[in-house]
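Have a look at the structure below before the remarks.
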Amino acid sequence: MNTSLKSVWLKQAVLILAPVIAIGLTLFVGRYSISVTEVLRAVFPNSGLFEETSREVNTVLWQLRLPRAVAGAFVGAALAVSGAAFQGVFRNPLVNSGILGVSNGAGFGASLAIIYFGGGYYSYIFAFTFGIMAVMLSYFSGRIYGSTPTVTLVLGGVVVSGFFGALTSILKYLADPYTQLPAITYWFMGSLASVNYNHFIAFVPMTIGMVMIFLSRWKINALSMGEKEALALGVDTRLYKLMIIGGATLATASGVCISGVIGWIGLVIPHIGRMIVGNDNTRLIPVSMSLGACYLVLMDMLARNISASEIPIGILTSLIGTPFFVYLLKKTKGGGWR
């Protein structure tokens, strides 16, 4: 019994420490070279063990690298766990965190803010608002059929995604080609370059969404077996679908509003998690959070250092995610959940 408890505690410690280690690693890596000693000076300024660090090092560490690394961990965890939740609820291993139109809705909101309000914090507010609105429209589109089964909800998401995609194309056509259009295009590529501590307010709804999914994780197991089987197990399918989809939407919209559209994380990371712990969502959900956090932090570190100018993260995640998606298609051969 003691051995079993130790194993559980060890796994939990690994899940928690892995993103922390990834964040700590990013403090050392960048174009501005900072030694281990200088980082320790900055982390322990009043310990008496080290000399006072320079203002430049403090600025790079605390104002540039740390906030975007922490934001990357939260966004990566949110996108990954949302993808895992959607894959379980919809019983389809090929869906991702943007299946209900949240990414395209957020993109339209950000584009609208860039053109008519000059971007800035309006981009984050509009992106979040329209991301939530897109999912609500997907829900009500499904009710045209008299109910909200999984298939009609997904179809509603496809319709709404196409609708907001068309609206965004109109805004791109109307945008100033020298200032506004590049800003919109860059936003859709995804980046953490502009993140600072003021953006941490988005962590509140992001955390609420992830907690909602975490608390419902065993219900996802029941829902993934089918609605009749879940009802037989005493699961209120309507309530928990609403809770899980609502939590995933809240987490995704909050993440997208500060990072832009970063694709493939919600698809790739849950499958890597399944390779490690299997299909049990009680274990897959926390593993997806941890892997997603580590993955995006490391992708951001790579984006900052792979070339002379920073590469948008969405490009890197797409380069990795595309061949993995082809592998999934070959493995599932267009099939369903199992």
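In the stretch 171-216, the inverse of the mean reciprocal separation of distinct Cα atoms equals 13.3 Å; this is its Kirkwood hydrodynamic radius. What the pair-distance distribution of the chain shows, using all Cα-Cα distances binned every 10 Å from zero, is 6, 24, 32, 23, 10, 3, 0 percent. The loop-placed GluC sites (Glu not before Pro) in the stretch 42-132, going by DSSP, that have at most 16 neighbouring Cβ atoms within 10 Å of their Cβ come out as 51, 52. Here the 3J(HN,Hα) profile of the stretch 132-144, calculated from phi with Karplus coefficients 6.51, -1.76 and 1.60 at θ = phi - 60°, is 5, 4, 4, 5, 4, 5, 4, 5, 6, 5, x, 6, 4 Hz, Gly and Pro shown as x. Sequence-distant contacts, meaning Cα pairs under 8 Å at least 6 residues apart, place the relative contact order of the chain at 28 percent.
Site-free segments of the chain were taken between chymotrypsin sites (Phe, Trp or Tyr not before Pro) in DSSP loops having at most 12 other Cβ atoms within 10 Å, sites themselves excluded; the longest one is 179-338.
Within the shell of other residues whose beta carbon sits under 15 angstrom from the beta carbon of residue 189, the net charge comes to 0, with Lys and Arg scored +1 and Asp and Glu -1.
In sequence order, the stretch 282-297 has phi-based couplings of 5, 9, 5, 4, x, 5, 4, 4, 5, 5, x, 4, 4, 4, 6, 4 Hz under the Karplus curve 6.51 cos²θ - 1.76 cosθ + 1.60, θ = phi - 60°, and Gly or Pro positions carry x.
The distance separating the Cα centre of the stretch 164-235 from that of the stretch 93-122 comes to 9 Å. Percent of Cα pairs in the stretch 24-121 per distance bin of 10 Å, from zero to the largest separation: 13, 26, 23, 22, 14, 2.
Taken one residue at a time, the phi angles of the stretch 255-262 give Karplus couplings (6.51, -1.76, 1.60, θ = phi - 60°) of x, 5, 5, 9, 10, x, 7, 10 Hz. Gly and Pro are set to x.
How large is the translational diffusion coefficient of the stretch 205-338 in µm² per second when you combine the Kirkwood radius over alpha carbon pairs with Stokes-Einstein at 37 °C and 0.692 mPa s? Diffusion coefficient, whole number: 201 µm²/s. Based on the Cβ-Cβ distance of residue 214 and residue 324, what FRET efficiency does E = 1/(1 + (r/R0)^6) give at R0 = 22 Å, to the nearest 0.05? Efficiency at R0 = 22 Å is approximately 0.30. The rule of thumb for compact globular proteins, 2.2 N^0.38 Å, goes into the C-alpha radius of gyration of the stretch 192-274 1.29 times. Only Lys, Arg, Asp and Glu carry charge here, each on its Cβ (+1 for the first two, -1 for the last two); on that basis the stretch 149-290 has a dipole of about 180 debye about its Cα centre. Over the chain, DSSP H runs of length four or greater, each weighted -39,500 (n - 2.57), average out per residue to a 222 nm ellipticity of -24000 deg cm²/dmol.
Both radii are taken from the alpha-carbon atoms of the stretch 80-188; with Rh as the Kirkwood radius, Rg/Rh is 1.04.
Rule-based calculations on the coordinates, nothing more; no lab input. Here the structure is a predicted model, which means the values were calculated and not measured. Cβ atoms come from the backbone with ideal geometry, glycine included; neighbour counts cover every protein chain shown.
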